[in-house]
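See below for the structure under consideration.
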Amino acid sequence: MERDESSATVGTQRDGRRRARITDVAQLAGVSIKTVSRVVNGESGVLPETRERVAAAVLELGFVPDRRARSLKRGDTDTIGILIDAISDPFFAAFVSAVEELAVAEGLNVLFASTVHDAAQEREQLERLTGDRLRGLIISPFAIESAELAALRQRFPVICVDRSREGIDSIVVDDYGATLEAVRGFLSRGHRRIGFIGEEIPYPTVFERLSAYRDAHAEAGVEVDESLIIAQGRHREERSISELLARPDAPTALFCATSPAAIATIHVLSADRVPMPALISFGDFQFADVFTPGITCVDQDPRLIGEATFRRLMQLGADPQAEPEHIVVPTRLIARGSGEMAPERDASARPIGDLR
């Protein structure tokens, strides 16, 4: 009996009682452990009256199957790992939420971690996530290269999101094409001084958007003023934006390459009480539609991306040898007024801090 109690270290219930085990259910129902396992796993081959007796015992004892033990026995797991930049980023917050919703519906768990744009933390978090068995890994890589992800791919499916790595499945949007369309729109309305608010972090996404910004100018025969490009870290960019907008030759339009960059720009406009220039954000964010005018954005729908990512992860689980795919999810330009403003600022325009 003492040995039986010591083996109860598998866990306790919240009221302090020992958690019921499968042996307890088998003893109460008067059946074998194998029969209990068949019933809780929904398998056939159990008489109806026996199934009812086992179900009654499960209910009476409050028995909860140990899903981790079951997954290890089967050789699989019920956990998906997600490694992203930061949950504070509106895009990634919505993306994780979309994947989690789909995973929970399939009876899967989600563990996520953040890199905060730091290579050392990315490696630490990746090792922590992949130290356990995973159903699959979803990663928005910062410094981790293809070779390491390819090695992980031998253990479980790996999908890159927002940024791609050679030989690894990836889910991305057309950063170049969407930016080209947005900046062409500014130029077609007569804007010639268009600012670019980006980041110094060498993400291929921001690089592609900056390339499209330059190419749109070249198409229109407009020379790019390099002093209108801000590519600094997120903790320094608000000061640079403030200085840019205070110039006598301030840009009449701004293209914000990320939603955090757009949010930083709005903070400056509000704090400095500066009338809003024409503005487009690459990435939608909460409350973007409540300003006057609303913030026009390139919407890289995180739900669509989340759905595509989860669907591909399940496909790879069923066919681990499938060739890697590069999937491009479409974007759309949501016109809310800010991106459609004319070059000449209206002297009566209200600062962005005033909401209706």
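Grab the DSSP H runs of the chain that are 4 residues or longer, score each as -39,500 (n - 2.57), total them, divide by all residues and round the 222 nm result to the nearest 500 deg cm²/dmol. It comes out at -13000 deg cm²/dmol, rounded to the nearest 500.
Between the alpha-carbon centres of region 262-337 and region 92-136 there is a gap of 20 Å. Summary value for the chain: 16 percent relative contact order, contacts being C-alpha pairs under 8 angstrom separated by 6+ residues. With a cut-off of 10 Å between beta carbons, the residues surrounding I80 carry a summed charge of -2, where Lys and Arg count +1 and Asp and Glu -1.
Could you please report the charge total around I295, scoring K, R as +1 and D, E as -1 over all other residues with beta-carbon less than 13 angstrom from its beta-carbon?
Working: positive: R336; negative: D284, D289, D299, E340.
Summing Lys/Arg as +1 and Asp/Glu as -1 gives -3.
In the chain, the longest principal axis of the Cα atoms and the axis of helix 175-188 are about 30 degrees apart. Placing unit charges on the Cβ atoms of the charged side chains and taking the dipole of region 152-262 about its Cα centre, the candidate lying farthest along the positive direction among P157, V224, A257 is P157.
Kirkwood radius, the chain, all distinct C-alpha pairs, inverse of mean reciprocal distance: 23.6 Å.
Note on region 41-185: the C-alpha convex hull projects to 12.8 nm² when averaged across all orientations. For the chain, the solvent-accessible area with a 1.4 angstrom probe is 51 square angstrom per residue.
Relative contact order for region 130-178: 32 percent, from Cα pairs under 8 Å spaced at least 6 residues apart, divided by residue count.
What is the sum of charges, Lys and Arg at +1 and Asp and Glu at -1, for the other residues whose Cβ falls under 13 Å from the Cβ of A147? Could you put the intermediate results ahead of the total?
On the way: positive: R153, R165; negative: E145, E148, E166.
Around A147, the surrounding residues sum to -1.
Ranking F91, A322, M276 by Cα position along the charge dipole of the chain, where only Lys, Arg, Asp and Glu carry charges on their C-beta atoms, puts A322 farthest toward the positive end. Residues in region 218-228 carry Karplus couplings, in order, of 4, 4, 8, x, 10, 6, 7, 8, 4, 6, 8 Hz; the curve used is 6.51 cos²θ - 1.76 cosθ + 1.60 with θ = phi - 60°, and Gly or Pro positions show x. Under a GNM of the chain (C-alpha, springs under 10 Å), which listed residue has the highest mean-square fluctuation: G81, G190, G42? Result: G42 has the largest fluctuation of those listed. Pair-distance distribution of region 213-342: all C-alpha pairs, bin width 5 Å, starting at 0; shares per bin in whole percent are 2, 9, 16, 18, 16, 12, 9, 7, 5, 4, 2, 0, 0.
The values are calculated or read from the model by the stated rules, or taken from the named source; none is laboratory data. Predicted model only: the values in this text are computed from it and were never measured. Methodologically, a virtual Cβ is constructed for each residue, glycine included, from the backbone with ideal geometry; neighbour enumeration extends over all protein chains shown. Remember, those area values only see protein heavy atoms, side chains included, never the ligands or the DNA or RNA. Shrake-Rupley method; radii C 1.70, N 1.55, O 1.52, S 1.80 Å.
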